[in-house]
Amino acid sequence: MDYNVVSFEKRMKENIKNYAIRNLYNLDTLTEYLKAIAQEYGMELLLTDRHGEKAVILGDFDGFEPDVVKEPGEKLRIADRTVGHLYVRCGGVAQERKAASEKMLRLAMDMLASLGTETYMQKESASYIDELESKLENGRHQKLYSEEKDILTGVYTKNHLENRLEALDQSEVVPVAVVNVNINDWKFVYDNFGVEKSDSLIQIVASIVKREAKKEYIIGRIDGDVFAVFIPMAEEGEAEDYCRRVQEACVAYEEDAVLAPSVAVGIVYKTNVEERLSDKISDAEYEMFDNKLEIKNSPGYQERLKKGLKL
């Protein structure tokens, strides 16, 4: 399927030219970090943008005009492009500390390159996904769906979620965490308290799932009592922490005398761009069943579930 979309890899190589030092770092924090190094070793430091515009000045550089072509200093590179130049004056460095100061500068440049790359990846991936979705919605090949949001919960419908996943697959962003959230014993609530209460339970869980999510999470209702959550560029432990918060918030909910929200969760990851997120949903469901069995057999679960029957 061709939507005239530039691949994510190509975009990452090209768009770095649109970024300056100020777009990648907090200048106040960066200045304090470099100042600590300069003071520790008795150096003077000047950090410029790719074209030589001065960004951080630590020392006397009055009258010094950087020549980033002939004398580029130490290059700060991100996505195989130079985004900055570091000029160093070591006149105040003691002879016995020169080796240590040089090592510290190498480590500092490596760290700045790593932090800048992370910031760049996060900004570009979020922007790319939004642009892809826009192209899918406006393209003549897009499927037409009558509903985008689920009326009961406000999250994406299953049909629209498939559209979002298609865009995310095309973005070639990895890793993506895939989370299955299944309401425990929704049928018990329906059988014992009726449609109104069972719908209320779905709404309560949906509100918790949305509240604990970050803005970039993609959330859809894929079955009556099942939600799917997708976390692009998931950091290590991020999905697990999200699920923990959702489950704890459900257990802590006490605003309804009858309802006792509880969810089972399953987490899997898309780590290969050739994989499809739609295929990962069933894998996450499989993982969820193990968690469901553990929860339903835990001490006190049945008592909390049936608290409304005693009223």
Report summary line: Scanning segment 64-86 residue by residue, those closer than 12 Å to E53 by Cα and either touching a Phe, Trp or Tyr at 6+ places or on another chain (Cβ under 7 Å) or in contact (Cβ under 8 Å) with a residue 40 or more places away in the chain (or both) turn out to be P66, V83, G84, L86
Query raised in the report: So which residues in segment 75-99 are modelled with pLDDT of 90 or more and among the β-branched types (V, I, T)?
Result: I78, T82, V83, V88
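Kindly check whether there is at least one residue in segment 136-156 that is assigned to a helix (DSSP H, G or I), loosely packed, with under 15 Cβ neighbours inside 10 Å and at pLDDT below 80.
Filtering segment 136-156 down to residues assigned to a helix (DSSP H, G or I) leaves 136-138.
Those still in the list that are loosely packed, with under 15 Cβ neighbours inside 10 Å too: 137-138.
Filter once more, keeping what is at pLDDT below 80: 137-138.
Taking every residue of segment 136-156 in turn, at least one turns out to be assigned to a helix (DSSP H, G or I), loosely packed, with under 15 Cβ neighbours inside 10 Å and at pLDDT below 80.
Check whether at least one residue in segment 189-210 is in a loop (DSSP other than H, G, I, E, B) and of a type outside the set (V, I, T), and report yes or no. Outline the logic, then answer.
The initial filter retains those residues of segment 189-210 that are in a loop (DSSP other than H, G, I, E, B), namely none.
No; the residues of segment 189-210 include none that is in a loop (DSSP other than H, G, I, E, B) and of a type outside the set (V, I, T).
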Report summary line: Flagged in segment 39-49 as out of contact with any His (no Cβ under 7 Å at 6 or more places or on another chain), open to solvent by less than 60 Å² (accessible area, probe 1.4 Å) and more than 11 Å from C90 (Cα to Cα), in numbering order, are L46, L47, D49
Query raised in the report: V268 passes all but one of (1) in contact with an Asp or Glu (Cβ under 8 Å, 6 or more places away or on another chain); (2) assigned to a helix (DSSP H, G or I); (3) β-branched (V, I, T); which number fails?
Result: (2)
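Which is open to solvent by less than 20 Å² (accessible area, probe 1.4 Å) and either over 14 Å from S262 (Cβ atoms) or modelled with pLDDT under 95 (or both), of I231, I208?
Numbers: I208 fails: either over 14 Å from S262 (Cβ atoms) or modelled with pLDDT under 95 (or both).
Answer to the check: I231.
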Requested in this report: Please tell me if S125 is open to solvent by 40 Å² or more (accessible area, probe 1.4 Å), under 23 Å from K17 (Cβ atoms) and polar (S, T, N, Q).
Outcome: no
Query raised in the report: For segment 283-304, how many residues are surrounded by fewer than 12 Cβ atoms within 10 Å (Cβ to Cβ) and closer than 20 Å to N163 by Cβ?
Result: 0
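Quick one: is G52 open to solvent by less than 20 Å² (accessible area, probe 1.4 Å), part of a loop (DSSP other than H, G, I, E, B) and over 30 Å from L165 (Cα atoms)? Before you say what the answer is, go through the steps one by one.
Working: open to solvent by less than 20 Å² (accessible area, probe 1.4 Å): yes; part of a loop (DSSP other than H, G, I, E, B): yes; over 30 Å from L165 (Cα atoms): yes.
Here the answer is yes, as G52 does meet what is asked.
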Query raised in the report: Of all the residues that make up segment 171-185, how many are more than 17 Å from R244 (Cα to Cα), in contact with a helix residue (DSSP H, G or I) (Cβ under 6 Å, 6 or more places away or on another chain) and surrounded by 18 or more Cβ atoms within 10 Å (Cβ to Cβ)?
Result: 3
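The values are calculated or read from the model by the stated rules, or taken from the named source; none is laboratory data. Predicted model, so just to flag it, every value in this text is computed and none were measured. Don't worry about glycine lacking a Cβ; one is built from the backbone with ideal geometry, like all the others, and counts go over all protein chains shown. When the accessible area is computed, the model is the full protein with side chains, heavy atoms only, and any ligands, DNA or RNA have been set aside. Shrake-Rupley method; radii C 1.70, N 1.55, O 1.52, S 1.80 Å.
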